[in-house]
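Contents: one structure, followed by commentary.
The values are calculated or read from the model by the stated rules, or taken from the named source; none is laboratory data. Since this is a predicted model, take the numbers as computed values, not measurements. Methodologically, a virtual Cβ is constructed for each residue, glycine included, from the backbone with ideal geometry; neighbour enumeration extends over all protein chains shown.
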């Protein structure tokens with residue numbers, strides 16, 4: 001699938017791990033770019049990315065890397081995005097469109113406005129909804145984005161052609177562009193991603209604090225393992241995401257605790273009709289989820 | 001695998017759905033029983049179980065069904081167990097061992113003591129840790145219990161031979177007997193099963209109550225779907241289980257809410273070190289779980 005991408009001369013990728021590396025592989029497969037330059041903090045990751053054929057060349061000089069670039073993808077943990085805006089600002093030429101892959105958008109956009117200043121229109125914020133358990137260039141997969149959503153949270157300053165470029169490049173990688181504003185994005189992902197991660201982390205810790213935790217784990221069946229799979233995710237990444245979206249997440253936690261409180265009260269009152277009503281509503285919602293997200 | 005089972009003449013199964021039906025199929029496969037009689041409230045389920053070859057005969061008269069039985073398995077929702085103890089008590093002969101498959105044990109044992117009275121030693125409480133998404137005789141599978149745990153919560157009144165019979169019959173079905181007392185059982189399963197179900201139900205309801213719930217569900221990725229899979233379980237079954245184990249579950253919810261509170265405080269204080277510590281501990285516990293339960 002090579003939808004509507006005009007061939008790009010030069011794409012720069014900041015961070016050549018799972019997200020940036022998979023983006024590069026997909027663009028290369030569809031011959032959508034002549035030249036892919038990798039930039040990053042880890043020289044060894046960059047060298048491995050060259051060896052693996054993910055990028056054409058690694059570049060340690062940002063002025064050189066950005067010279068003549070059509071597109072720059074920032075694919076680093078969200079907490080590092082601000083320092084990258086600082087680093088690129090002096091070398092960012094007028095024709096270069098910048099996009100990112102961060103899991104939160106409000107904080108990234110605020111940093112971009114502060115630092116990119118009059119160049120803000122060149123930044124098209126985005127979030128591909130894809131991931132995997134592993135990280136680093138070795139984890140990169142050519143089809144990571146195939147059929148997955150990419151949420152673009154356009155800014156009023158973005159030109160039509162900048163938005164079109166980012167959307168079509170992601171389509172070239174197999175992804176399906178969706179459009180939300182950044183508040184919607186951060187609200188929705190707080191509910192369907194950040195909160196569930198926090199809930200899974202909290203459950204693991206509750207059990208780990210039992211004196212006989214290993215006995216408990218021994219009786220954990222497949223439901224428990226599925227429920228807590230997301231607690232295996234990177235603590236550093238989730239520290240950054242929950243910090244970046246902490247106001248929205250706090251409100252989510254308050255609402256969630258109110259739901260738990262309803263169940264606690266029904267249990268205390270031995271109100272079996274109320275428990276049945278609560279569980280039935282949840283099961284019906286789960287059915288709706290299966291229909292709408294599969 | 002036909003470990004150490006002496007051939008039984010007559011096994012009676014009360015409830016010929018997924019749990020009772022799979023037990024019957026496994027016993028038949030290993031030729032461990034001459035005659036399997038099905039009993040239950042639904043004549044149509046019993047008729048289908050005969051057609052499917054799960055049971056040899058359906059019996060609507062309990063006196064006849066229990067006459068000469070070696071073993072009776074009660075495989076019905078936990079809330080119905082008490083009424084079944086009442087029904088069988090007058091016809092329960094001295095040689096018959098009764099066991100169950102209930103997900104909670106304290107309430108079942110209390111009912112058994114109250115109703116079976118001087119016959120309590122004949123009741124060996126058990127809980128096979130196996131299940132599936134579907135129910136009814138059609139869902140029965142010959143290998144449902146293969147390699148799965150069955151927890152036996154022996155009573156002081158149980159004879160060695162009664163315990164041996166129940167353990168060896170489950171081994172004949174491919175299951176691995178484990179021994180806990182009923183308080184341990186209900187505590188452990190509150191933590192690793194009942195609480196996670198409640199948490200998943202609560203999360204589905206939280207999102208379902210949003211005005212734009214379907215938009216939220218649209219962005220739910222695989223992590224969310226795994227996390228909430230258990231919210232698809234039967235509301236009636238979970239009403240019964242949470243009611244039966246409500247004191248322990250309430251205490252679990254209180255402990256869990258304390259864990260969420262720690263995370264709330266860290267978010268409010270923007271304490272990223274604390275968030276990292278909490279998530280790291282949880283991730284390490286998740287690794288331990290993978291090692292101990294796989």
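Of the residues making up the stretch B:116-123, not a single one is more than 22 Å from residue B:28 (Cα to Cα), modelled with pLDDT under 95 and surrounded by 23 or more Cβ atoms within 10 Å (Cβ to Cβ). Between B:50, B:37, the distinction of being free of Cβ contacts under 8 Å to residues at least 40 places away in the same chain and under 23 Å from the mean Cα position of the chain (by Cα) belongs to B:37 only. Residue pairs whose Cβ atoms lie under 6 Å apart, sitting 6 or more positions apart in sequence or on different chains, and linking a residue in the stretch A:268-285 that is more than 7 Å from chain B (Cβ to nearest Cβ) to a partner that is not in a loop (DSSP other than H, G, I, E, B), are A:274/A:266.
Can we say residue A:211 is out of contact with any helix residue (DSSP H, G or I) (no Cβ under 8 Å at 6 or more places or on another chain) and either more than 7 Å from chain B (Cβ to nearest Cβ) or within 23 Å of residue B:272 (Cα to Cα) (or both)? Criteria met by residue A:211. When you look at residue B:73, is it at pLDDT 95 or above, assigned by TED's automatic domain parsing to the domain that holds residue B:108, farther than 20 Å from residue B:98 by Cβ and under 21 Å from the mean Cα position of the chain (by Cα), yes or no? Considered against the rule, which asks whether it is at pLDDT 95 or above, assigned by TED's automatic domain parsing to the domain that holds residue B:108, farther than 20 Å from residue B:98 by Cβ and under 21 Å from the mean Cα position of the chain (by Cα), residue B:73 comes out as no.
Looking at residue B:98, is it within 16 Å of residue B:127 (Cβ to Cβ), free of Cβ contacts under 8 Å to residues at least 40 places away in the same chain and touching a strand residue (DSSP E or B) at 6+ places or on another chain (Cβ under 7 Å)? Taking the combined requirement at face value, the residue satisfies it. When B:49, B:32, B:126 are screened for being under 18 Å from residue B:151 (Cα atoms) and crowded, with 19+ Cβ neighbours inside 10 Å, only B:126 passes.
Listed here are the helices (runs of 4 or more DSSP H) enclosed by the stretch A:212-294 that have at least 3 residues being modelled with pLDDT of 95 or more: A:235-244, A:246-268, A:272-293. Residues in the stretch B:91-108 that are assigned to a loop (DSSP other than H, G, I, E, B) and over 13 Å from residue B:73 (Cα atoms) were compared, and the one that is modelled with the lowest pLDDT is B:103.
The sole residue among B:147, B:136 that is over 13 Å from residue B:19 (Cα atoms) and either modelled with pLDDT under 95 or in the same structural domain as residue B:24 (by TED's automatic domain parsing) (or both) is B:147. Return the residue satisfying two criteria in turn: it lies in the stretch A:132-152 and is out of contact with any strand residue (DSSP E or B) (no Cβ under 7 Å at 6 or more places or on another chain) and surrounded by 22 or more Cβ atoms within 10 Å (Cβ to Cβ), and of such residues it is farthest from residue A:184 (Cα to Cα). In this case the residue turns out to be A:137. Taking the numbered list (1) assigned to a helix (DSSP H, G or I); (2) more than 7 Å from every other protein chain (Cβ to nearest Cβ); (3) without any contact (Cβ under 8 Å) to a residue 40 or more places away in the chain in turn, residue A:205 passes all entries but (2). Summed over the stretch A:219-275, residues that are touching a helix residue (DSSP H, G or I) at 6+ places or on another chain (Cβ under 6 Å) and on the phi > 0 side of the Ramachandran plot total 0. The residues in the stretch B:185-194 that are within 16 Å of residue B:257 (Cβ to Cβ) and more than 7 Å from chain A (Cβ to nearest Cβ) can be counted, and the count is 2. Taking residue A:126, is it modelled with pLDDT of 95 or more, under 30 Å from residue B:283 (Cα atoms) and in the same structural domain as residue A:48 (by TED's automatic domain parsing)? The answer is yes for residue A:126.
Here residue B:248 meets each of (1) under 26 Å from residue A:232 (Cβ atoms); (2) in contact (Cβ under 8 Å) with a residue 60 or more places away in the chain; (3) more than 7 Å from chain A (Cβ to nearest Cβ) with one exception, condition (1).
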